Amino acid sequence: MSGFARGKRRKFTSYVLTYAGLVSLFLVFVFPLLWIVGISLKTREQIFTNPPVFFWIPTFENYVHVLTQSDFLASFGNSLVVTTASVTLSLLIGIPASYTFARFHFPGRGVAMITLLIMRMLPPVAILLPLFVLFKAVGLSNTRISVIIAYTTFSLPLIVWVMKDYFANLPKELEEAAYIDGASRMLAFRRIVLPLARPGIVTAAILSLLLAWNDFIFAAILTNNATRTSPVLLASYAGGETGTNWGAITASGVLVVIPVIIFSLIVQKHLVQGLSSGTVK
Amino acid sequence: MVAQQFEPTGGYVDMVGEDAMSERRNAWIKFQDRMFVPLTTVPTIIASLLVFGIPLTFSLLLSFQGWTIDSALLAGRFVGLANYEDLFTDPLFRSSLLLTIGYTLSTVTLELLFGLGVALLLNSRVPFVRIFRTALIIPMMITPIVAALTWKLLLDPSYGLVNAILGTRTVWLGDPNLALIAVGIVNIWQNTPFVAILLLAGLQSLPSEPVEAAAVDGANSWQTFRHVTLPLLMPYVVVAVLLRTIFEFRSFENIWVMTGGGPANATKLLSVYTFEASFLSFDLTLAAASSWVMLFIVLIFCVFFILATKRKEIQ
């Protein structure tokens, strides 16, 4: 009886410790972001009060200010255009390739897969200079097209590897039955494999969407004030001192991050699997 | 070829014509099938050549040449290893190389230690643990520039939350002794969740029998973890360490936004050095050499990576 009670007490203690740990995790990893959301809902006086204000009536004036600013809207629009275009293109190019890598053996396949894996590892800053020079030489500098080309290609390794694992897990028999019925490989791929692979495609699409939406370094170099994306605009706020415009900075940051969070939560189960695809089985 | 055994049969008027037609159809399908592999892979190969192959070859050439942005693309003259000599005799480059190595080693080590702790915590079977798992995804996914801005404001000397909590007025990002630690902590904050969730996936995929056997043998929970769980988790740890090393090595955004490489070059990592040589001082051949030093280091890690993850299916 006493042993049972001790066991119960020990279980209770371990519960308390676990929750204490989990809550501190939350405080460390999420609270800083909530604080920033809080700043975006404060007036200028409330932001610059010492000690900080913890309870206040939220105001949306910062969001109104940001959303009526042509700078922010233009960059947000550019981000939308660039992201949509590069996700579409990279899926169109990457998914068929990935299927071929998963299903067919042909000379050079291993080398191609490894090359794609390495492409994903290369530091963008080390490719930026020649890319910039070459885009300039063909007259594409300062255009959204240049960034779209860059994002599309940088997404390809991600898409190919994520989808390859997915395709490899689909039963081969379905395609074989289609071949027997006289379908070509293309037809079997389009009509039978693609619909089955939809969940994998969603993951791949969102991962490449996040890559394009979150990128700073390519857009910083390949775009100008008219074609820059949101992260470039946000970074320009940080140039030197952050000044007194914290309300606008935090509100724009929140607006840029909201889509990221929504999409990340959609694929949360597959997120790490996707980001480390080609590595852990 | 398989399809030929299943040619349509039945009451057609002109069987010969039908045969010819289906033969032509089969030949067409055969042709399509032969083209399938090239058709599906060539666009990826072309894109990779355009954005990786050609630029990388070009910068490799540049790194052995004298060239300026106003010259014609291939007009540089060969200067041998002069650019690399310039690079390695530049004290700023040498210090940034050392700084990058130290920075990468320490951030990856801490991410691994914290990540392992967080993974074990998130692996506990208590109600609502899922909510915490989900919440942890957010910092790792948010736009790096926003994460950097967030921490720039939190670390603000006068009105930042960090100083308000600590009751200090430390100038975190303006002090050469603190700045690198501060940007490092931000990177650790943003990337520990990735390590944690990767290791959590590893923990959840482990078989339960060895742990149960250890418990039967009377091992306490530390012994079980040290001698049973950790060895089984090792493949995931290796992947996490290699991936984080490769990605920590390229750290750029948070540093660029928070300190711009300063103060007094205290946070000038290789990526910042390369970026500045490329786009601020426009010393393009030096930048190409510095890019290739970075690429070379990453390629070495890639070899480790590929050997460590041994993808048998590729061969």
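Considering only residues that are touching a strand residue (DSSP E or B) at 6+ places or on another chain (Cβ under 6 Å) and of a type in the set (A, V, I, L, M), which ones fall in the range B:44-86?
Within the range B:44-86, just B:VAL79 meets the criteria.
Being of a type outside the set (Phe, Trp, Tyr), in the same structural domain as B:VAL195 (by TED's automatic domain parsing) and in a loop (DSSP other than H, G, I, E, B) narrows it down to one residue among B:ALA289, B:ALA308, B:ALA264; which is it?
Details: B:ALA289 fails: in a loop (DSSP other than H, G, I, E, B); B:ALA308 fails: in a loop (DSSP other than H, G, I, E, B).
From the options B:ALA289, B:ALA308, B:ALA264, the qualifying one is B:ALA264.
Identify the residue in the range A:145-180 that is among the hydroxyl-bearing types (Ser, Thr, Tyr) and facing chain B (nearest Cβ under 8 Å) and, among all such residues, is nearest to A:LEU89 (Cα to Cα).
Of the range A:145-180, the ones among the hydroxyl-bearing types (Ser, Thr, Tyr) are A:146, A:151-153, A:155, A:166, A:179.
Narrowing the set further to residues that are facing chain B (nearest Cβ under 8 Å) leaves A:152-153, A:179.
Details: A:THR152: 6, A:THR153: 9, A:TYR179: 28 Å.
Only one residue tops the list, namely A:THR152.
Given A:PHE167, A:PHE216, which one is among the aromatic types (Phe, Trp, Tyr) and in contact with an Asp or Glu (Cβ under 8 Å, 6 or more places away or on another chain)?
Details: A:PHE167 fails: in contact with an Asp or Glu (Cβ under 8 Å, 6 or more places away or on another chain).
Testing whether each residue is among the aromatic types (Phe, Trp, Tyr) and in contact with an Asp or Glu (Cβ under 8 Å, 6 or more places away or on another chain) leaves just A:PHE216.
Mind listing just one residue for me: the one in the range A:125-144 that is within 7 Å of chain B (Cβ to nearest Cβ) and in contact (Cβ under 8 Å) with a residue 12 or more places away in the chain and, of those, farthest from A:LEU211 (Cα to Cα)?
A:LEU131
Run A:VAL162 past the list (1) surrounded by 24 or more Cβ atoms within 10 Å (Cβ to Cβ); (2) within 26 Å of B:PHE58 (Cα to Cα); (3) at pLDDT below 90 and report the number of the one that doesn't hold.
Every condition holds for A:VAL162 apart from (2).
Test of understanding: among B:PHE93, B:PHE64, B:PHE132, which residue is more than 8 Å from chain A (Cβ to nearest Cβ), buried (at least 20 other Cβ atoms within 10 Å of the Cβ) and free of Cβ contacts under 8 Å to residues at least 60 places away in the same chain?
On the way: B:PHE93 fails: free of Cβ contacts under 8 Å to residues at least 60 places away in the same chain; B:PHE132 fails: more than 8 Å from chain A (Cβ to nearest Cβ).
Just one listed residue meets the conditions, B:PHE64.
Has the range B:135-154 got any residue that is over 25 Å from the mean Cα position of the chain (by Cα) and either touching a residue at least 40 places away in the same chain (Cβ under 8 Å) or outside any helix (DSSP H, G or I) (or both)? Walk me through how you get there before you give the answer.
So in the range B:135-154, the residues over 25 Å from the mean Cα position of the chain (by Cα) come out as B:153-154.
Then drop every residue that is not either touching a residue at least 40 places away in the same chain (Cβ under 8 Å) or outside any helix (DSSP H, G or I) (or both), which leaves none.
Among the residues of the range B:135-154, not one is over 25 Å from the mean Cα position of the chain (by Cα) and either touching a residue at least 40 places away in the same chain (Cβ under 8 Å) or outside any helix (DSSP H, G or I) (or both), which makes the answer no.
For B:ASN83, are the conditions met, namely being more than 14 Å from chain A (Cβ to nearest Cβ), of a type in the set (S, T, N, Q), over 30 Å from B:MET234 (Cβ atoms) and in contact (Cβ under 8 Å) with a residue 60 or more places away in the chain? Don't jump to the end; show me each part of the working.
Numbers: more than 14 Å from chain A (Cβ to nearest Cβ): no; of a type in the set (S, T, N, Q): yes; over 30 Å from B:MET234 (Cβ atoms): yes; in contact (Cβ under 8 Å) with a residue 60 or more places away in the chain: yes.
Answer is no for this residue.
What residue, among those in the range A:62-77 that are in contact with a Leu (Cβ under 9 Å, 6 or more places away or on another chain) and either of a type in the set (Val, Ile, Thr) or away from chain B (no Cβ under 14 Å) (or both), is farthest from A:LEU222 (Cα to Cα)? It would help to see each step written out before you state the result.
Step one: filter the range A:62-77 for residues in contact with a Leu (Cβ under 9 Å, 6 or more places away or on another chain), giving A:62-63, A:66-67, A:71-76.
This time we only want the ones that are either of a type in the set (Val, Ile, Thr) or away from chain B (no Cβ under 14 Å) (or both), so: A:63, A:66-67, A:71, A:73-74.
Details: A:TYR63: 28, A:VAL66: 25, A:LEU67: 25, A:ASP71: 18, A:LEU73: 19, A:ALA74: 16 Å.
That would be A:TYR63.
Conditions: (1) modelled with pLDDT under 85; (2) hydroxyl-bearing (Ser, Thr, Tyr); (3) within 27 Å of B:ILE69 (Cα to Cα). B:SER278 meets all but one. Number of the miss?
(1)
Please verify whether the range A:88-110 includes one or more residues that are over 19 Å from the mean Cα position of the chain (by Cα), assigned by TED's automatic domain parsing to the domain that holds A:PRO195, over 22 Å from A:LEU207 (Cα atoms) and in contact (Cβ under 8 Å) with a residue 12 or more places away in the chain.
Yes, some residue in the range A:88-110 is over 19 Å from the mean Cα position of the chain (by Cα), assigned by TED's automatic domain parsing to the domain that holds A:PRO195, over 22 Å from A:LEU207 (Cα atoms) and in contact (Cβ under 8 Å) with a residue 12 or more places away in the chain.
I'd like to know if the range A:93-111 contains one or more residues that are farther than 23 Å from A:SER276 by Cα and among the aliphatic types (A, V, I, L, M).
No, the range A:93-111 contains no residue that is farther than 23 Å from A:SER276 by Cα and among the aliphatic types (A, V, I, L, M).
Looking at the range A:158-204, which of the residues that are touching a residue at least 40 places away in the same chain (Cβ under 8 Å) and in contact with a Leu (Cβ under 6 Å, 6 or more places away or on another chain) is nearest to A:SER276 (Cα to Cα)?
By that ranking, first place goes to A:LEU158.
Condition first: out of contact with any Leu (no Cβ under 9 Å at 6 or more places or on another chain) and not in a helix (DSSP H, G or I). Now tell me which residues in the range B:111-134 satisfy that.
B:ARG125, B:PRO127
Residue pairs, Cβ under 7 Å, 6 or more apart or interchain, first in the range B:212-231 and of a type in the set (D, E, K, R), second outside any helix (DSSP H, G or I) and surrounded by 14 or more Cβ atoms within 10 Å (Cβ to Cβ). List them.
So the pair list comes out empty.
From the list B:PRO91, B:PRO38, B:PRO43, pick out the single residue that is at pLDDT 75 or above and assigned by TED's automatic domain parsing to the domain that holds B:ALA264.
Working: B:PRO38 fails: assigned by TED's automatic domain parsing to the domain that holds B:ALA264; B:PRO43 fails: assigned by TED's automatic domain parsing to the domain that holds B:ALA264.
From the options B:PRO91, B:PRO38, B:PRO43, the qualifying one is B:PRO91.
Taking into account only those residues within the range A:260-281 that are buried (at least 17 other Cβ atoms within 10 Å of the Cβ) and at pLDDT 85 or above, which is nearest to the other protein chains (Cβ to nearest Cβ)?
A:SER264
Which of the numbered conditions does A:ASN224 fail, given that it passes all the others? Conditions: (1) within 8 Å of another protein chain (Cβ to nearest Cβ); (2) among the polar types (S, T, N, Q); (3) surrounded by fewer than 20 Cβ atoms within 10 Å (Cβ to Cβ).
(1)
Among the numbered criteria (1) at pLDDT 95 or above; (2) exposed (fewer than 14 other Cβ atoms within 10 Å of the Cβ), which single criterion is violated by A:VAL82?
A:VAL82 satisfies every listed condition except (2).
Only one of (1) in a helix (DSSP H, G or I); (2) outside the structural domain of B:GLU248 (by TED's automatic domain parsing); (3) farther than 30 Å from A:MET163 by Cβ is not met by B:SER106, so which one is it?
Unmet condition: (2).
Out of B:ALA164, B:ALA240, report the one residue that is crowded, with 20+ Cβ neighbours inside 10 Å and either at pLDDT 90 or above or assigned by TED's automatic domain parsing to the domain that holds B:SER271 (or both).
Numbers: B:ALA164 fails: crowded, with 20+ Cβ neighbours inside 10 Å.
Checking each option against the conditions leaves just B:ALA240.
The values are calculated or read from the model by the stated rules, or taken from the named source; none is laboratory data. Just so it is clear, the model here is predicted, and its values are computed rather than measured. Heads up, the Cβs are rebuilt from the backbone with ideal geometry, glycines too, and the neighbour counts pull from every protein chain shown.
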